[in-house]
1. Looking at the range 193-212, can you tell me whether even one residue there is β-branched (Val, Ile, Thr) and either in a strand (DSSP E or B) or under 25 Å from the mean Cα position of the chain (by Cα) (or both)?
2. Look at Ala314 and say whether it is in contact (Cβ under 8 Å) with a residue 24 or more places away in the chain, hydrophobic (A, V, I, L, M, F, W, C) and not in a loop (DSSP other than H, G, I, E, B).
3. Out of Leu295, Leu283, which single residue is in contact (Cβ under 8 Å) with a residue 40 or more places away in the chain, buried (at least 24 other Cβ atoms within 10 Å of the Cβ) and in a loop (DSSP other than H, G, I, E, B)?
4. Quick check: is even one residue across the range 214-237 polar (S, T, N, Q) and outside the structural domain of Thr61 (by TED's automatic domain parsing)?
5. In this structure, does Tyr164 turn out to be among the aromatic types (Phe, Trp, Tyr), in contact (Cβ under 8 Å) with a residue 12 or more places away in the chain and out of contact with any Phe, Trp or Tyr (no Cβ under 8 Å at 6 or more places or on another chain)?
6. Against the condition within 19 Å of Pro401 (Cα to Cα), surrounded by fewer than 23 Cβ atoms within 10 Å (Cβ to Cβ), touching a residue at least 60 places away in the same chain (Cβ under 8 Å) and among the acidic types (Asp, Glu), how does Asp122 come out, does it pass?
7. Which one is farthest from Arg144 (Cα to Cα) among residues in the range 377-401 that are of a type in the set (S, T, N, Q) and in contact with an Asp or Glu (Cβ under 9 Å, 6 or more places away or on another chain)?
8. Could you check the range 143-156 and list, in sequence order, the residues that are part of a helix (DSSP H, G or I) and either under 25 Å from Arg384 (Cβ atoms) or at pLDDT 95 or above (or both)?
Amino acid sequence: MILSRQDFIFYCNAGKAVLRRKRNVIFFNDIDNLQNNLKNNIMVAFGSVPKDGGTYTFYRTIRPKLLEHGIDMRCVTVGKAEAGLVEASFVDDGCVVLAETITDVKKQAMVFTEWCEKTGIDIVFAINSVAILSALPHLPEKIRVMARCANAFDHGYRITASCYDRLVRIVTTAPRHGRDLINDYNVQESRICMIPNGIDGDLFEEAAGNRRGEDAILRLGFLGRLEHNQKGVLFLPDILNRLHRQGVKFTCKIAGKGVHGKALADGLKGLIQKRIVEFVGPLSPDEVPGFLGGLDVYLFPSQFEGCPNALLEAIMAGCVPVVWLIEGITDFIIKDGLTGVICQMGDCDAFADKISMFAGDRSKLQSMSGAAARDARERFSQARVVADYARLIQDAMRTPPPIWGPVPWSSFRPDPAFADYRRWLSVFPGSLKRLIKNCLFYVGLSDRYYA
């Protein structure tokens, strides 16, 4: 495929060269590099949105390394709603926005399918894009379809198994996902390949070298979205106020933003006034290693997760984590008593007592810090993730795709995991729609809050 420069209108966005192509397609990269990549590389479409979040962080960190293996992974954002979530500062040279003015899912899916054919896409990871998931039955047979499961809840599992007969492999990021998919969603074990997330240890080398527990005051911290249903931030007031009542000398820095930020601050008002707790706001990726390098203990009160990058970064930086037990996830990442501490879900007294233990036993804190950093480098390195994905993708291209006759567009229907929700939502007035969407955000079925 040779693209004419006349097909594009150049404009500048956040200091980047951005190409706009007619027919509802935006490319964020250089046209000459694009043409060369299309000729030589295995082309992978990965459904995501350039913004602050775990899915895009995975894409952004793995893309440049996969290029070294001859694999060109593109972050594909489809439809008006997703296009509205794009944060320009996160856009890289592999980001593509399709159908940015279109709200109809069928038309979005058709634009995506046409783009795949013209771009020469070899493999599609739909992730949680309703347009891409809905397009899967209609894609040409030669395109292989894979799924990546990074969340342990029903909707995440359902979209993972979408268009199951076309799926070549399902990538899971923790043992819990595979067990649930096999036991509850009729997925064959032979289709599952577990590849946990990975972190570039070089970025956290200086942080890991900091000796923990040498100050008289224990340094605690939290980094993440200030939201309770998943991230569990409203447990923090009970935990930190209990520590204060016990007479533990500590400080706690809380980094992030979110819908429960005000409620969290209200619960910690007394500790904020005493300058024990400090809210530092959201951090850029470049600021994370320095933040973690200044902590002794990392607080991780999440109630459900996939394979959380924030926790992996914390142990890579040598922080000692205290976490809730999320079976098959946190007990996979953390070796209880060796690289961190695991508490029963919701037991704030036990959580506080474990932190208090480190205040009284700094040698234990220091030994766990070193063990956490070493274990993270052995098990959760970015190099391992890249090698595993490169091998998976290359093996898929050596294997004939499943026999599949593309479904005609006259038989189109939105992906079943989304269809009932969208039809149900359409009967409500705007204000009630917003309330329902926010409820879906709170239970983890949406990653956007509507103010």
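1. We begin by selecting, within the range 193-212, every residue β-branched (Val, Ile, Thr); these are 195, 199.
Within this subset, residues satisfying the condition of being either in a strand (DSSP E or B) or under 25 Å from the mean Cα position of the chain (by Cα) (or both) are 195, 199.
Within the range 193-212, one or more residues are β-branched (Val, Ile, Thr) and either in a strand (DSSP E or B) or under 25 Å from the mean Cα position of the chain (by Cα) (or both).
2. When the stated conditions are applied, Ala314 passes them.
3. The unique qualifying residue is Leu295.
4. Yes, there is a match, as at least one residue in the range 214-237 is polar (S, T, N, Q) and outside the structural domain of Thr61 (by TED's automatic domain parsing).
5. Answer is yes for this residue.
6. yes
7. Ser381
8. Answer for the range 143-156, where residues must be part of a helix (DSSP H, G or I) and either under 25 Å from Arg384 (Cβ atoms) or at pLDDT 95 or above (or both): just Gly156.
The values are calculated or read from the model by the stated rules, or taken from the named source; none is laboratory data. Quick caveat, the model's predicted, so the values are computed rather than measured. So basically every Cβ, Gly included, is an ideal-geometry build from the backbone, and we count neighbours across all protein chains shown.
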